[in-house]
Amino acid sequence: MPRALAPLLKDIRACRICLDAPDKAALPHAPRPIVQASRGARIAIFGQAPGNLVHQTGIPFNDPSGDRLREWMGVTREAFYDPKKLAIVPMGFCFPGNDAKGGDLPPRKECPRAWRAQLMDALPNIETAILVGGYAQKWHLETGASKNLTDTVKSWRDFAPDYFPTPHPSWRNNAWLKKNPWFESDVLPTLRRRVKRLMA
Ligand code: SF4
């Protein structure tokens, strides 16, 4: 029997696994799990992990990547941050810290292992999930995901409307977006129509 969402979210927000019982190196700061969800949400963003700016504010996608993602979806900030309309469930709920080059580390592996299946069971009304980045694509599409993100996103028709695989909306992917104009011309109009319908 699935757990009720409210106590599950309470447990997630109190989670300290990556500090107290990590697989390898402990999280280099206090955990601050960031997740937005309500049982009625029909659409979700399954992303990677919060960045440092989001870690500071506690608000998911409260950064330029979020601005681009909202533009991709065709939604206002108000609608985006309404948990009754949109669930935001990254693969790792806490900012994982930076690597030696200053980039973000991958989402913590402990997180999906501890929480993801339970949380998916507690969100039975999700009809479409936007899979932002390779980690969420591999988890949710399983063998359907290609090793190469571009190939997975190019095959979006195989997964829609249940899933829309996308690259990360970070400025780091500006070159990717320029090289793959079909993403904006083909994928986004369909995605926007779907979002509009499910968030109405
Ligand atoms: S990343 Fe996930 S598993 Fe690790 S401390 Fe945060 S909520 Fe817990």
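The values are calculated or read from the model by the stated rules, or taken from the named source; none is laboratory data. Remember, it's a predicted structure, so these values are computed and weren't measured experimentally. Every residue, glycine among them, receives a Cβ derived from its backbone with ideal geometry; neighbour counts consider all protein chains shown. The protein model used for the area step is the full one, side chains on, heavy atoms only, and it has no ligands, DNA or RNA in it. Shrake-Rupley method; radii C 1.70, N 1.55, O 1.52, S 1.80 Å.
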| query | Looking at Ala129, Ala100, Ala114, which one is more than 11 Å from the ligand (Cβ to nearest atom) and not in a loop (DSSP other than H, G, I, E, B)? | reply | Ala129
| remark: Every listed condition ((1) open to solvent by less than 60 Å² (accessible area, probe 1.4 Å); (2) within 16 Å of the ligand (Cβ to nearest atom)) holds for Pro28 save (1)
| Meets criteria (surrounded by fewer than 18 Cβ atoms within 10 Å (Cβ to Cβ) and either under 22 Å from Arg116 (Cα atoms) or of a type outside the set (Asp, Glu) (or both)) for Pro64 | yes
| query | Is it fair to say Leu123 is more than 16 Å from the ligand (Cβ to nearest atom) and either acidic (Asp, Glu) or within 27 Å of Ala4 (Cβ to Cβ) (or both)? | reply | yes
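Residue by residue, here is whether (1) surrounded by fewer than 17 Cβ atoms within 10 Å (Cβ to Cβ); (2) over 19 Å from the mean Cα position of the chain (by Cα) holds:
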| position | (1), (2) |
| --- | --- |
| Trp115 | no, no |
| Pro124 | yes, no |
| Phe159 | no, no |
| Trp182 | yes, yes |
| Leu191 | no, no |
| query | In this structure, is Ile88 hydrophobic (A, V, I, L, M, F, W, C), open to solvent by 10 Å² or more (accessible area, probe 1.4 Å) and farther than 24 Å from Lys24 by Cβ? | reply | no
| query | In segment 3-14, is there at least one residue being open to solvent by 60 Å² or more (accessible area, probe 1.4 Å), within 13 Å of the ligand (Cβ to nearest atom), within 18 Å of the chain's Cα centre (by Cα) and of a type outside the set (Phe, Trp, Tyr)? | reply | yes
| message | For the condition in contact with a His (Cβ under 7 Å, 6 or more places away or on another chain), surrounded by 20 or more Cβ atoms within 10 Å (Cβ to Cβ) and at pLDDT 95 or above, what is the one hit in Ala136, Ala129? | response | Ala129
| field | Where a residue in segment 64-93 is under 22 Å from Cys111 (Cα atoms) and in a loop (DSSP other than H, G, I, E, B) and its partner, wherever it lies, is among the small types (Gly, Ala, Ser) and open to solvent by 10 Å² or more (accessible area, probe 1.4 Å), with Cβ under 8 Å and at least six apart | value | Pro83/Ala37; Pro83/Ser38; Val89/Ala37; Pro90/Ala49; Met91/Ala49; Gly92/Ala49; Phe93/Ala49
| message | Can you pull out every residue in segment 161-180 that is free of Cβ contacts under 8 Å to residues at least 12 places away in the same chain and either surrounded by fewer than 18 Cβ atoms within 10 Å (Cβ to Cβ) or farther than 18 Å from Phe61 by Cβ (or both)? | response | Arg172, Asn174, Ala175, Leu177, Lys178, Lys179
| said: Go through (1) open to solvent by 40 Å² or more (accessible area, probe 1.4 Å); (2) within 24 Å of Gly74 (Cα to Cα); (3) more than 13 Å from the chain's Cα centre (by Cα) for Ala100 and report which single condition fails. | reply: (2)
| remark: So, first residue under 16 Å from Pro112 (Cα atoms) in segment 29-56, second residue modelled with pLDDT of 95 or more and basic (Lys, Arg), Cβ within less than 7 Å, six or more apart or across chains; the pairs are Pro31/Arg16; Pro33/Arg13
